[in-house]
Structures are given as structure tokens and as C-alpha cells.
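The structure under discussion appears below in the form of C-alpha cells.
The values are calculated or read from the model by the stated rules, or taken from the named source; none is laboratory data. Worth saying up front: this structure is predicted, and the values here are computed from it rather than measured. Cβ sites come from the backbone with ideal geometry, for glycine too, and all protein chains shown count toward neighbours.
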Amino acid sequence: MDQGENKLDVDMSHLEISETEVAVEDEAQNTATLRRSGRRKSATEEPPEKKRVLQKPKKLSTNKEHKQIVNYYLDRKIKRTSSCLETIFEMPKGDTYMTMPLKLTYTKTGHPSDVLRIEEYPMPQPEASEVLVEMLAAAVNPVDINIIQGKYPIQFPGIGFEGVGRVSKVGPSVTKFRIGEHVVPTTYAGTWRTHLVLDEANLISLPKEIGVAEAATFFVNPITMYRMLKDYAPLEPGDTVIQNGANSSCGLIAIQLCKAWGLNTVNVVRDRPDVGQLKEYLIRSGATYVFTDKEIAGTDVFKSGKLPKPKLGLNCIGGESANSILRHIDHGGVLVTYGGMSLEPIRVSTSTLVFKTVRLDGFNLFKWFSESGDEDEKARMFGELIDLMVKGAVRAPPHVLVDFNRFSEAVEMTLTKNGMVGKKYILDLRAVTSKM
């Protein structure tokens, strides 16, 4: 913590302490000291503590003056509470001060901005093989919003699927982690909080070279796209993958993974005024071709032989958008659905199923982790994704870091089309945890 006037870096504009209060407390302490020493105070004697009274106006107008008042009490190790200040300020160790951990929580489902609130909770302590994690950042995902709204079939004790934190303390049986390491949970841990405790089996370590945004979004989108590209069709370098929602966070990860693995991508996006700039951005990110939802119907990129027909299609939109990419999938190929932003059903022709034998399938990350017991495969997947991120081959999609106290902004923006497709919103907890 900084010295002097920056000792307490918080907004104290609501706190007013009168000059009389300070002088009275000083006088009381001086009188008590004289009584203990058996001396009487002479008429001309200067009170020993008089020089420590802060000279300030009765009406405080600046944050600097408020900090001086509070630090005056901190320096003298006086616990003080007032009707306008609920926190007890003290100096337990040197220049450090502690506050309770904070978390986002809700007691009933509904619109996130209406039901979410910040709440204090006791500092958790790790036992046995558990690890105390101080969170640095936590992503806001559509699945988190659906859980708060009550639209998801599963409810969890905490909110927040993914995020990155720093190991703060370890239990006596922990062998995998050291204090200071960056880690991400591999289970739904309730990451929208400053501190959490998890068993070491539910954490993986990330190199600090990986940026906060990449680390905070490591678990959901990269793993979702990794599994769909690996598990549903036997893809080889030179093969083609077609997808809609290509400018979504998942779509951008798919583009980068395919480029790293030598796969072609045909990407479909919604038409818009700045679609030219969007196409250029996706091409720079590694896309082979980018079409609007209207252009994809008339493209000859497959008939002309420029690209082989796709063996795999990835659908996060549904409705006519899904049908438009389904028409281009090769015989024996598969369309994998992992979202349905249009809320419209997929309509499939009989000939697509009977004569082209195209399969329809779906992917759910929770289901994959609950059913996959292959720990070696998980380790290979984590290792490959970490390596790609360290090399810079896979980067975080466009994102916005939002201070934890402004959580409503992140939640509301994630509910919009821009949040679902355009940018990823990430809760930044570093400013909060640095004061604990």
C-alpha cells in the first residue's frame, strides 16, 4: 500500500468527522496519560497531542482531505465506526487493511440486473487438497445469463462459469500448485467473486505469459470449438469447415484453430452496414472465405473446386441460417449445433438425410466433461490449447474488461446481440482484490 495520503485508496466522500471530535479525543487521551503518571496539568502546559490535530475545514470537499482523516485514525490504531461508515477501520499488520471478500449472488431467478447484487462473505480457508484462489478476471457468458434467468435446466450454488485467478493459499495436502501461480477452474465454480476454494483436481495452471483476457476466457469457447473440431468428423489438413455466427467468440476461436491445423473455413455472418470491415477482420484472423447470410446461398466456391465441400458444419444460430450451411455439407458430413440465437428450429429436407446421409448432432460442454473420463485426453487438450495461446496462434476475441462494481454493464451488454456475437465482456476483479 502506498504511503502518506494514498495510504487508503478508497472514496471517503461520505465520511465527515468534525474538528471538535478529533480535539476531544486527543484531550481525553492526554488527560488519561497525566492521571496515570500522577502529574497535574499546568495552566501553561501545551497538550502533548495538540500538534497531531488535523487542520481542516468543517465541510470537507476533496477526497484527499477525507483520506487524511481516515488515515489519522489508522495511524493511531483507533477502531472507529459511525452512522455513515459501516466498515471498521483498523491497522492489523503494518500498513495493510482487510475487507470481506465480495461475490455476485441472487436469491431468485429473473432479469440479471434486477436480481444480482454484491454481497460480502467470510474468507474461505483451504483444507487438505484444496486451493484458495484470488480471482483476477471472470468472463460473462450467455450460459451464465440463462442460469440467472432460470432458463437453464441446471442451477448452481454460485454464478460464473470461467475465469482466471492467482493461488493465494494451499491446503496441507496440495502438491500441484504454488502460491502465486495463475489457475483456471475446470468445473462450474462460481467465478463472479473475489475468492474461491477448489480442490486441486478441479484447477489447471496457466503460464503467466497468457494474457488476462485469454486466461479468463480459456475454458468455455476454446474447449467447445476444440472438441467439435476433433470429435465429429475425421478432418485432415486441407479439409473444409463451414460455420455461421463466424464473428462470435466461438466462431473466432474456430477460425484460429482451423488455421493452426491447416483447415479451410467458410464463414457466414449477418449482413450489416460495415460488413466489409468485418470480412477483412475475419480474413486477418485466419478465415479462408467470409460470406453474408445472403451471399452463401449463391456461392460457387465449392462447385468451382476452389475448396472441397465441408465435412463439418458448426451452427450457433438455427433457423434459415443453419439450413443455408447445411445445403453445402458434403455427403456423409455432419452439422453440429451448439447454440440457437435465432430461437428458430432447424428444418431438414428428406433428401438431405436420405440421399446425402448428412447427420445432425449437438454439443454441450457440461455434458462432455461429466461423461468424459479420459483424463489423458483432457491433459492433451489443455496442453495443446495452452501452447497455441503462448505462441499467439489463438488470441482472445474482441473483449471489454469491466470493473467488478459495474457488473450490470457487463451483464446488460451480454444480453444484446453485440454481446452475444460482437464482443466478450469480462469482469475485472483486480482493482477489488488488490485492496484485500
How many residues are buried (at least 20 other Cβ atoms within 10 Å of the Cβ) and either of a type in the set (S, T, N, Q) or modelled with pLDDT under 95 (or both) when one looks only at the range 192-234? 6
Just give me the residues in the range 257-291 being surrounded by fewer than 21 Cβ atoms within 10 Å (Cβ to Cβ), within 29 Å of Thr357 (Cβ to Cβ) and either of a type in the set (S, T, N, Q) or free of Cβ contacts under 8 Å to residues at least 12 places away in the same chain (or both), in sequence order. Asn264, Thr288
In the range 261-275, is there at least one residue being assigned to a helix (DSSP H, G or I) and not aliphatic (A, V, I, L, M)? no
Looking only at the range 301-341, filter to residues that are part of a strand (DSSP E or B) and among the hydrophobic types (A, V, I, L, M, F, W, C); which one of those is surrounded by the most Cβ atoms within 10 Å (Cβ to Cβ)? Leu314
Would you call Leu196 touching a strand residue (DSSP E or B) at 6+ places or on another chain (Cβ under 6 Å) and under 24 Å from Asp403 (Cα atoms)? yes
Tell me, please, whether a residue that is of a type in the set (A, V, I, L, M), more than 17 Å from the chain's Cα centre (by Cα) and outside the structural domain of Val402 (by TED's automatic domain parsing) can be found in the range 207-228. yes
Are any of the residues in the range 379-401 in contact with a Leu (Cβ under 6 Å, 6 or more places away or on another chain), surrounded by 15 or more Cβ atoms within 10 Å (Cβ to Cβ), modelled with pLDDT under 95 and of a type outside the set (Val, Ile, Thr)? yes
Take the conditions aliphatic (A, V, I, L, M), more than 20 Å from His328 (Cβ to Cβ) and free of Cβ contacts under 8 Å to residues at least 60 places away in the same chain and apply them to Val197. Does it pass? no
Report whether or not Val164 is at pLDDT 95 or above and either of a type outside the set (D, E, K, R) or outside any helix (DSSP H, G or I) (or both). yes
Checklist (1) touching an Asp or Glu at 6+ places or on another chain (Cβ under 6 Å); (2) crowded, with 19+ Cβ neighbours inside 10 Å; (3) of a type in the set (A, V, I, L, M, F, W, C) applied to Val170, failing item: (1)
Failed item, numbered, when Gly298 is tested on (1) surrounded by fewer than 21 Cβ atoms within 10 Å (Cβ to Cβ); (2) modelled with pLDDT of 95 or more: (2)
What is the residue count in the range 158-176 for residues that are touching a residue at least 40 places away in the same chain (Cβ under 8 Å) and under 23 Å from Leu427 (Cβ atoms)? 8
Filter result for Ser351 (assigned to a helix (DSSP H, G or I), surrounded by 17 or more Cβ atoms within 10 Å (Cβ to Cβ) and small (Gly, Ala, Ser)): no
Here's a check for you: in the range 124-153, which residue that is in a loop (DSSP other than H, G, I, E, B) and surrounded by 15 or more Cβ atoms within 10 Å (Cβ to Cβ) is farthest from the chain's Cα centre (by Cα)? Ser129
Please work out if Gly211 is closer than 24 Å to Met100 by Cα and not aliphatic (A, V, I, L, M). no
Testing Ala260 on (1) out of contact with any strand residue (DSSP E or B) (no Cβ under 6 Å at 6 or more places or on another chain); (2) modelled with pLDDT under 95; (3) of a type outside the set (Phe, Trp, Tyr), one condition comes back false. Which one is that? (2)
